[in-house]
Structures are given as structure tokens and as C-alpha cells.
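The values are calculated or read from the model by the stated rules, or taken from the named source; none is laboratory data. Since we're looking at a predicted model, the values are computed, not measured. Positions of Cβ are backbone-derived with ideal geometry, glycine not excepted, and every protein chain shown enters the neighbour counts.
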Amino acid sequence: MGIAGALTASAMPVRGAERASDGALIVSTWDFGAAANEAAFAKLRSGGTLIDAVEAGAQVPEADAKNRSVGYGGNPDRDGHVTLDAIIMHGDGRVGAVAALEDFVHPISVARRVMEATPHTMLVGEGAHQFAIEQGFHMRNLLTPEAEAAWREWLKTAKYKPVANIENMRGNALDHDTIGLLACSEAGELAGACTTSGMAYKMRGRVGDSPQAGCGLFVEGGVGAAAATGVGEEVTRIAGTARVVASMRAGLSPEAACREAVMHIAKLRGDAVRDAQVGFLAINHRGQAGAYALQPGFTYAVTDRNGVTSVQPAKSLRQTGNAS
Ligand code: SD4
């Protein structure tokens, strides 16, 4: 589908009203994406490749202990283990991912190494851990005292109820930030990265949408790229980002493509997603960006070709949050 799809998509007009983000260079999920975009932008300006840039961007929240999170400081699973999922992908089909990885601050860099140094696209758990050690990554305890205290508090009730838009509420015990970061060069080259500690207090062994190509992230040269955030099970069910990119390939604008995927989840799941948040972010090969979410409150950061970053609210299916 790649080349034929790309040619078709290039020849088609991109429909739909875009936000004022045309010409975007880097986009990422949530308010905290702004700092990641800036790191990615700096990497590009210093001569880095697009893959270097999305990796550098993803590393920012990974290393941020206050970000409960992605990487270091992340909320653990219900047994107290911080387990990380990450993926990196280029529009030419290169992709690497890790899932349920413990003890390393930068799963995105281990994912990149999977892409570059193995014949595989994903390593998980113990095998991913062993690979990271062999590749020279240093182990570190990722469970900070703050995250441990919050987990012990949670154990008192042990109620698993993901909270919508928790990503933008710093310091909340149920915070489960995921960053999805997409970049489109002036020549239309595309790459993306997605990294997360997943849903706070998930079951041991649970892997969400984020590290799965076509779920948490998908990038297709000549068409576009998409990232997802929110309740991963709802995204995985519909291969969410593969769907968003397919819609862009068929001619929809990034925002319309994200909206279509959200509508599909709402139709498919009905009441089951009444309280859930899912957000999609997309960029096409012309650098037009857009987003759409189930609930209000999803934001995304856009950095233009001059390095100017702004945070924008995504439109949503529901106008007032049903989520608690
Ligand atoms: C997951 N989609 O593991 C991720 C969580 C997330 O912001 O996006 N949090 O289900």
C-alpha cells in the first residue's frame, strides 16, 4: 500500500479546516509536550536527523521525575513495579519498540536500538531488559519516593479507575502521562516517538497501545503520522493510529482523521467510554496538524518552523466532560 497510497495521498487535496498549525515541524501530546518539542527542535537545528529529534524530545519527560509519568518517576503497576513502553518510527518503515521494560530511564533509546541493532520490531520484559544491558544502558531504580508513597496510598482502596486528562494535572497520584511526538521536515520526511509508563496501577504485565505500531503511534512516508493518548485499550481495539493515517491517506485532514477515529470508538463502545479519555494527534506530510478527543481537556503542543511553540486545545466529541 505504501508507494501507491503515498502517491494517491500526495495527489489529493487535504480537506477540512485546519487549526493555525499549518507548517508545523513538531507536534506532541499534552501541555508538557512543549518542552519536548523544544528539545527536538534544538536537536534538528544542531544538525540531528528527524529520528534524533523525536528521540531527544521523548527523553525530556522520560527524565522528569515530577512527571508521573514517562520513565523516571513513573507510577508503578499495582505490584509496585515501574514498567515502561516506548516506540520510535520513521516514515520509511523503520520501527523499534520495547514493552514492559523496567529499570531504564530512556526506553525510547532502547526502542531505537531495537530498530537499529536487531532484526525485530519489539522486545518485551526480561528480553528487553537483557538487551538494554548488553547495549550498555545503565540501570536505575525508577520508583521515586513520591511515586512509591502515592502507590502505597492507592493500595488502601486499590480502585482502578483511570482519570481523564490527568496528564495535564501535575502531581496527581493517578497521573499517567504519555508523550507522543511527531515531526515533519520541510521536505515532508516524517518520524514519531511515543513513550509512557502506561496506566497507573495497571495489572502486572499489562501493555497498552503506546508501543504497538498502528495503535499508540504510526508513521507512513508520503501520508502522515499519528499518536494516541488516553486509555490504551480503547485505542488498541481499533488500531487507532493506523486508522487515523489511513484516513489521511484517503484524503481527510489531520483533524478530521482524528475525529473519525474518536467517533468510531464512541460508536463501538457506547457507555463503556462515557468516562474515558482518548485523544489522537496527527500531522500530514505537508506539515498540517490536527487533533481530536473524546472528552474536552486534551491539549497538544505545536512548534513551527521558526521554533515558536504554542499549546492548543483539541476539539472533542463531548463538550462538557463526563469524566470524573
Ligand atoms: C496507555 N495510552 O498505556 C497509554 C496511557 C496514556 O497518557 O496515554 N496516558 O494506555
Considering only region 269-291, state which residues are outside any loop (DSSP other than H, G, I, E, B) and over 14 Å from the mean Cα position of the chain (by Cα).
269, 270, 271, 272, 273, 284, 289, 290
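From 150, 158, grab the single residue that is more than 18 Å from the chain's Cα centre (by Cα) and part of a loop (DSSP other than H, G, I, E, B). Spell out the reasoning first.
On the way: 150 fails: part of a loop (DSSP other than H, G, I, E, B).
Of 150, 158, the one residue that is more than 18 Å from the chain's Cα centre (by Cα) and part of a loop (DSSP other than H, G, I, E, B) is 158.
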If we ask which residues in region 79-113 are assigned to a strand (DSSP E or B), touching a residue at least 40 places away in the same chain (Cβ under 8 Å) and within 15 Å of the ligand (Cβ to nearest atom), their number turns out to be 8
Can you tell me how many residues within region 195-219 are within 14 Å of the chain's Cα centre (by Cα) and away from the ligand (no atom under 12 Å from the Cβ)?
4
Would you please name the residue that is farthest from the ligand (Cβ to nearest atom), looking only at residues in region 220-242 that are in a helix (DSSP H, G or I) and among the charged types (D, E, K, R)?
234
Looking at region 223-241, which of the residues that are over 28 Å from residue 201 (Cβ atoms) and among the hydrophobic types (A, V, I, L, M, F, W, C) is farthest from the chain's Cα centre (by Cα)?
223
Hey, among the residues in region 122-144 that are among the β-branched types (Val, Ile, Thr) and at pLDDT 95 or above, which one's nearest to residue 97 (Cα to Cα)?
124
